[in-house]
1. With 22, 12 as the choices, which residue is among the acidic types (Asp, Glu), under 19 Å from the mean Cα position of the chain (by Cα) and on the phi < 0 side of the Ramachandran plot?
2. Got a number for residues in the stretch 22-57 being under 18 Å from residue 92 (Cα atoms) and among the polar types (S, T, N, Q)?
3. Polar (S, T, N, Q), surrounded by fewer than 19 Cβ atoms within 10 Å (Cβ to Cβ), under 24 Å from the mean Cα position of the chain (by Cα) and under 14 Å from residue 98 (Cα atoms): is that true of residue 36 in this structure?
4. Of all helices (runs of 4 or more DSSP H) completely enclosed by the stretch 1-118, which ones contain at least 3 residues that are of a type outside the set (Ser, Thr, Tyr) and at pLDDT 95 or above?
5. Residue check: is residue 126 more than 25 Å from residue 9 (Cβ to Cβ), at pLDDT 95 or above, touching a Ser or Thr at 6+ places or on another chain (Cβ under 7 Å) and not in a helix (DSSP H, G or I)?
6. What single numbered condition from (1) surrounded by 16 or more Cβ atoms within 10 Å (Cβ to Cβ); (2) among the small types (Gly, Ala, Ser); (3) within 18 Å of residue 21 (Cα to Cα) fails to hold for residue 67?
7. Out of (1) over 19 Å from the mean Cα position of the chain (by Cα); (2) in contact (Cβ under 8 Å) with a residue 12 or more places away in the chain, the odd one out for residue 57 is which?
8. Only one residue in 105, 50, 86, 26 is surrounded by fewer than 16 Cβ atoms within 10 Å (Cβ to Cβ), touching a residue at least 24 places away in the same chain (Cβ under 8 Å) and of a type in the set (Phe, Trp, Tyr), so which one is that?
Amino acid sequence: MTLTPEDIIAAEGYTLTRTVSESDIYQFAGITGDLSRYHTDEEFMKRSPYGGRVAHGVLILGLVSTASTRFWEKLDFAGMGISLGYDRVRFVNGVLIGDTLTAHYKVTQWLPERSRFHAQAVVTNQNGGVCLSATHVTKAFNQTIDAAENGQRS
């Protein structure tokens with residue numbers, strides 16, 4: 001299937017849901033070495049405004065990465081571009097053990113001069129509260145897009 005930038009922007013986004021477990025937090029802490037009390041010390045965090053341990057922000061951002069990958073795979077666009085990173089990442093609310101999160105990913109903009117897509121990424125909790133927001137930047141390597149930008153249609 002030949003996709004144009006307009007097709008990609010018009011495509012339905014991707015939504016991913018996952019419940020954050022204590023194991024998720026400890027495994028992430030072990031992998032990254034981030035053993036901060038915010039993530040590992042329940043007694044300390046009971047006295048915090050959160051009332052308990054919170055997940056690492058970057059662990060939550062990882063859900064956006066998964067949603068992004070699945071979005072591009074759904075369009076059969078995987079391998080036709082690469083993530084350049086995330087802009088304006090905001091950790092809006094803490095994520096507690098047992099929170100069920102939904103990552104929403106939607107491509108919203110095409111920047112032809114740089115062959116880049118921007119996508120809006122938002123992660124919400126089970127109460128609808130926003131936990132994370134970011135803009136994801138993807139560099140396109142698709143010949144169809146290159147041709148479309150040069151006034152050609154395949």
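The values are calculated or read from the model by the stated rules, or taken from the named source; none is laboratory data. What you are looking at is a predicted structure, and each value in this text was computed from that prediction instead of being measured. Note: ideal-geometry Cβ built from the backbone for every residue, glycine included; neighbour counts use all protein chains shown.
1. None of the others qualify; the one that does is 12.
2. Selection size over the stretch 22-57: 1.
3. Here the answer is no, as residue 36 does not meet what is asked.
4. Qualifying helices (runs of 4 or more DSSP H): 22-32, 42-46, 57-74.
5. Yes: the conditions hold for residue 126.
6. Only one criterion is unmet by residue 67, namely (3).
7. For residue 57, the exception is condition (1).
8. After ruling out the rest, the residue left standing is 50.
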